[in-house]
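Data first, discussion second: the structure below is written as C-alpha cells.
The values are calculated or read from the model by the stated rules, or taken from the named source; none is laboratory data. For clarity, every value in this text was computed on a predicted model and none was experimentally measured. Neighbour counts are summed over all protein chains in view; Cβ atoms, including those assigned to glycine, are modelled from backbone coordinates with ideal geometry. Just the protein is used for accessible areas: all its heavy atoms, side chains included, with ligands, DNA and RNA removed. Shrake-Rupley method; radii C 1.70, N 1.55, O 1.52, S 1.80 Å.
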Amino acid sequence: MQMLKVRRYLRGSGRVLAFVFVASVIWLLFDMAALRISINDVNSQLLRERVIREKEVMMLMMMKQRQSRVTQPMKEGLDHPVQKVDLAVTHSWKKQRSNKLAQAYRRGGKDLELNSNQKRGDKVIIGDNSESNNKVRPKKEAVNLDLNEAVARKTQHPPGVQVNTNQGVKVASQLQVEEAHPARTVSHQNPNKNVNKKEESVEAKRVGMTERTNLNAKKEPLNLRAGQNSTAGRKAGVHKVLHLDMTQAPRDAKAVGQFGQAVFLSRSDDAEVKKRWDEGHFNVYLSDQIPVDRAIPDTRPESCAQNLVHDDLPSTSVIFCFVDEVWSTLLRSVHSVLNRSPPHLLKEIILVDDFSTRDYLKEPLDKYMSQFPKVRIVRLKERQGLIRARLAGAAVAKGDVLTFLDSHVECNVGWLEPLLEQVYLDRRKVPCPVIEVISDKDMSYMLVDNFQRGIFKWPLVFGWSAVPEDVIRKNNLTVSDPIKCPVMAGGLFSIDKNYFFELGTYDPGLDVWGGENMEISFKIWMCGGEIEIIPCSRVGHIFRGQNPYKFPKDRQKTVERNLARVAEVWLDEYKDVFYGHGYHHLLDKKLMDIGNLTEQIELRKRLKCKSFKWYLENVYPDINTPLAKAEGLVFNRGLRKCLALQKGSLSFETCDLTKQNQHFNYTWMRHIRQQDLCVGSQTKEHGLALLSCDNTKPDLRWLHKASNLALAEHLITEFSNHMCLEAEPRGVITRLSPCDSNSVFQKWQFTHYHVQ
Ligand code: UDP
Ligand code: MN
C-alpha cells in the first residue's frame, strides 16, 4: 500500500518533473533563438555600419577627386603609360576608321564622326556637338579613390571597425540577404535598439520565398520615393530595395583595382599591356590582376536605397552571350551578378558560348563554373552572332524575366530589383540599367551624367543624349525616376520572357552584331511596350574601340545588311531617310541581299504595331526628321521662272506658290518629285523624262546643295557623267549640259530647305 502510494506520488511528481523538464528545454531553446537573433542583429548592424562608413569614405573621396580634377593639368593624364599605350592603339585604329561605318558608334562606342557617308559627300546630321557624338558617353566622372587614404580612413575609427571586422566576416557568410542600408542617423553605439531594422531583415528573407501570383496583371506603381512616406516601409507586400553585396566583406582592400579605382601601371608594363590589348580591345593585362569579385562604389542616386519594391517580384534568368571573351572580365561579370543579386530572384545564369575559339573557355570554364549551381553553360555548335546567341539563351531560360548582359560588365549594388519592379508593374515595360563606364585603360569604374537616354540619329546611329530640360521640368523628374528611352543601347536589359516571345523576339535574320538594338527598340515602342532607363539600377560596362572578335563575313556589310532589314520592316516612308543618308547602295539588290522579310512584315501586321511616324511624334519628338530635304517651287535663277508640270511634261511658268503643279519635293532619295512622278535624266539625246518614282533607278537621282559647294544650287545627275540641268534661255525647254559653276541658267532654288 505504502509502495503504491509512493509510486503514485512518484508518478504524480514525475509528471510535474517531466513538465518542468520539458518547459525548461523549451525555455532554453527560446533563449538560444533569442540570443541567436540578437547576435545576428548585432552582426548585421555591424556590417551595416561598415557599409555606411565605406560609403561615406567613398563619397568623400569622390568629392575630393572631383575637386582636384578641376585643377589637375591635362598633361598629367597624357603622360601616363597606360594612356600612351592607348594612344598607340587609337592610332592604328584611326587608320582603319575611314572604312568603318557610322553604325559602329554604338552603345556609346565607336566611330561616330567619320563614316562612309561623308566619303560620299553626303550631309549627315550627326555632327551636332550639342548631343551625342562623344566617343564614349557623355561627360563622365571617374570614381577615383585614393586607396591608401580610403583604407587609412577606415582604420581611423578603431572601436567600431575593429569589432566589425571580426564579426562581420562571420555574418557575411550567414547573411544571404542584407537589407537596404539604413539611414545615416542609425546609432553606431547601440545597434540592438534598432528593432525595426531586424524585422525588416527577417521580412526580406521571408518574402524571398513568396511565389509570384498574377504575372499579367498591371500593378500600380509604388511611387514611394525616399522620405515621401515614412510609413510605407511597413506596408505589407513591399520592402526597401535589398542592399546585397557580398563583396563588402571580407575582401583584400589593397588589391589592384579594388573599389573600382583607376590603376596606374608602371612604364615597364607598357609592352605587356600592348601585347595583350587585342585579346579584348581593352587593358586585358590589368584586368587579369584585378580580383574577379572586386568591390565597386555604390553610384546610385542617394534616394535609391530607400526606394520600395514589391515582395513578390518575378525571378530572372541572366543571359550572358560571349565569343572569345577575356577570362577575367567574364568571371567578373558572373561574380558581380552572384554577389549583388538577391538569390531568390536569380533563377539562373546562362552563359551562351557563341562558338568561341579560346581553350580556356571550354573545360576550364566548365570546371570553374561547376562550383556555382546556378550557372549553366550553353555551347553553340557554330557561330551564330550575338542576336541568335541571345535567342538560344532565351529558349532554355526558366526565369519569368530575361535579363541580357554583355560579358564584360560589373553589376552594381541593388541593380536587379529596380529592373524587375518595372516588369512587375507592367510586363510590357522593358527596363535598362544605367550603363556606367569601366575604363578600357585603367579599369576604373566611372559615373555617368544623370538624365541620359539612348537615341538614334540618321542613318540609325545609336547615341546618348540628355532628356530635354522642358521634359524634366514638365514631368517633375528627379534623378532616380525612370527615363523614357527611345532606343536602348542594346547590351543590357530585362524583359518579361513571355512578352519577349509575344513580340517575336529579335529578327533572327540579323547577323553577328549591329542594328538589333534598333530593331527591338522600334518593335517594343511601336507594338505597345516601352523602354525605360532605371537610374537606381547601375551596371558598369567596358566600352571598346573595336570589336575584339572576327566577323564571319565583312563587318561593314554585315551591319549594313542588318540595318537595311530594320529599315525595310519598321521605318515605313522614313526608310528613304535612312537610305538617303549614304546608304543608296543598299537598294541595289545585286549588291546586297538582305534576305527574306515576309515573316517580319507579317509579325508587324499581326501585332498591329503603330507607324514609325507615331513613334517619332510620341516617343522621340525632339528628333526633327523632315520627309524631304527641300520642297516648294523650283526657281531658275537665270530665267527667273519656276519649273512646272503640265500634261506629263516639264515647262516653265511664272512662279506662283498657289499652283500645285509648280510644287516639287527634293527627297532623301534625291528625287525631284511631284506626287508619284520623278524627273529623270536620260542619256539618249540628253533628254529628260518624267517617270514613276523608283528608289532603285539611279537615273532618277539628282545631286543638289543649296550652298557651300562649287556647284551650289545646281541639279547634277548622279547618272550619265554628272551633267547639270539647265533652263534653255528662251524658257521653252530644260536640257542637260556640262556643268558650269557660273551659269545662272543651271542654278535652281527650292522655296524651303529643311536640310542644308
Ligand atoms: N557576342 C556574341 N557573338 C557575336 C558577337 C558578340 O556572343 O558574334 C557577344 C559579346 O561577347 C558581348 C555581347 O555579345 O558579350 C555584345 O557584344 P559587344 O560587347 O562586342 O558589343 P558592344 O558592347 O561593343 O556594342
Ligand atoms: Mn559590350
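Details
- Residues within segment 588-600 that are open to solvent by 70 Å² or more (accessible area, probe 1.4 Å) and of a type outside the set (S, T, N, Q), tallied: 5
- Criterion: buried (at least 23 other Cβ atoms within 10 Å of the Cβ), in contact (Cβ under 8 Å) with a residue 24 or more places away in the chain and under 19 Å from the mean Cα position of the chain (by Cα) - qualifying residue of Val539, Val479: Val539
- Single residue of segment 369-380 satisfying the filter (within 14 Å of Cys321 (Cα to Cα) and open to solvent by 40 Å² or more (accessible area, probe 1.4 Å)) that is farthest from ligand 1 (Cβ to nearest atom): Arg376
- Members of segment 409-430 that are among the β-branched types (Val, Ile, Thr) and either within 16 Å of ligand 2 (Cβ to nearest atom) or at pLDDT below 95 (or both): Val409
- When Ala397 is tested against (1) within 15 Å of ligand 1 (Cβ to nearest atom); (2) touching a residue at least 60 places away in the same chain (Cβ under 8 Å); (3) among the aliphatic types (A, V, I, L, M), just one condition goes unmet, and that condition is (1).
- Among residues of segment 548-585, those that are out of contact with any strand residue (DSSP E or B) (no Cβ under 9 Å at 6 or more places or on another chain), within 16 Å of ligand 1 (Cβ to nearest atom) and of a type outside the set (D, E, K, R), counted: 4
- Criterion: open to solvent by less than 30 Å² (accessible area, probe 1.4 Å), in contact with a Pro (Cβ under 8 Å, 6 or more places away or on another chain) and either in contact (Cβ under 8 Å) with a residue 12 or more places away in the chain or farther than 18 Å from Glu279 by Cβ (or both) - qualifying residue of Val352, Val323, Val309, Val337: Val309
- Number of the exception - Asp252 against (1) farther than 27 Å from Gly545 by Cβ; (2) surrounded by 17 or more Cβ atoms within 10 Å (Cβ to Cβ); (3) more than 23 Å from the chain's Cα centre (by Cα): (2)
- Restricting attention to segment 507-532 and to residues that are part of a strand (DSSP E or B) and open to solvent by 10 Å² or more (accessible area, probe 1.4 Å), the residue that is modelled with the highest pLDDT turns out to be Glu530.
- Residue satisfying condition, being under 28 Å from Asp593 (Cα atoms) and buried (at least 16 other Cβ atoms within 10 Å of the Cβ), within set Gly680, Gly731: Gly680
- A count restricted to segment 449-471 and to residues that are out of contact with any Phe, Trp or Tyr (no Cβ under 8 Å at 6 or more places or on another chain), in a loop (DSSP other than H, G, I, E, B) and either in contact (Cβ under 8 Å) with a residue 60 or more places away in the chain or open to solvent by less than 10 Å² (accessible area, probe 1.4 Å) (or both) stands at 3.
Results for (1) part of a strand (DSSP E or B); (2) open to solvent by less than 10 Å² (accessible area, probe 1.4 Å); (3) β-branched (Val, Ile, Thr), shown as yes or no for each residue.
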position: Glu417; (1), (2), (3): no, yes, no
position: Arg427; (1), (2), (3): no, no, no
position: Pro431; (1), (2), (3): yes, yes, no
position: Val434; (1), (2), (3): yes, no, yes
position: Val437; (1), (2), (3): yes, yes, yes
position: Asp440; (1), (2), (3): no, no, no
position: Leu447; (1), (2), (3): yes, no, no
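- Residue match in segment 518-533 (condition: touching a Ser or Thr at 6+ places or on another chain (Cβ under 9 Å), within 27 Å of Gln600 (Cα to Cα) and more than 14 Å from ligand 1 (Cβ to nearest atom)): yes
- Sole residue being surrounded by fewer than 24 Cβ atoms within 10 Å (Cβ to Cβ), modelled with pLDDT of 95 or more, of a type in the set (Lys, Arg) and farther than 24 Å from Thr316 by Cα, chosen from Lys484, Lys497, Lys550, Lys474: Lys474
Yes/no per residue for (1) open to solvent by 50 Å² or more (accessible area, probe 1.4 Å); (2) in contact (Cβ under 8 Å) with a residue 60 or more places away in the chain; (3) at negative phi:
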residue: Leu586; (1), (2), (3): no, no, yes
residue: Leu633; (1), (2), (3): no, yes, yes
residue: Gly638; (1), (2), (3): no, yes, yes
residue: Gly648; (1), (2), (3): yes, no, no
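- The set of residues in segment 567-599 being under 19 Å from Phe501 (Cα atoms) and over 24 Å from the mean Cα position of the chain (by Cα) consists of Leu597, Thr598, Glu599.
- Subset of segment 241-284 [of a type in the set (D, E, K, R) and more than 25 Å from Arg358 (Cβ to Cβ)]: Asp245, Arg251, Asp252, Lys254, Arg267
- Residue within segment 552-562 that is without any contact (Cβ under 8 Å) to a residue 40 or more places away in the chain and either farther than 24 Å from Glu382 by Cβ or more than 16 Å from ligand 2 (Cβ to nearest atom) (or both) present: yes
- Asn412 meets each of the listed conditions (1) open to solvent by less than 10 Å² (accessible area, probe 1.4 Å); (2) within 14 Å of ligand 1 (Cβ to nearest atom); (3) in contact with a strand residue (DSSP E or B) (Cβ under 7 Å, 6 or more places away or on another chain) apart from (2).
- Filter result for Lys590 (in a loop (DSSP other than H, G, I, E, B), away from ligand 1 (no atom under 16 Å from the Cβ) and modelled with pLDDT under 95): yes
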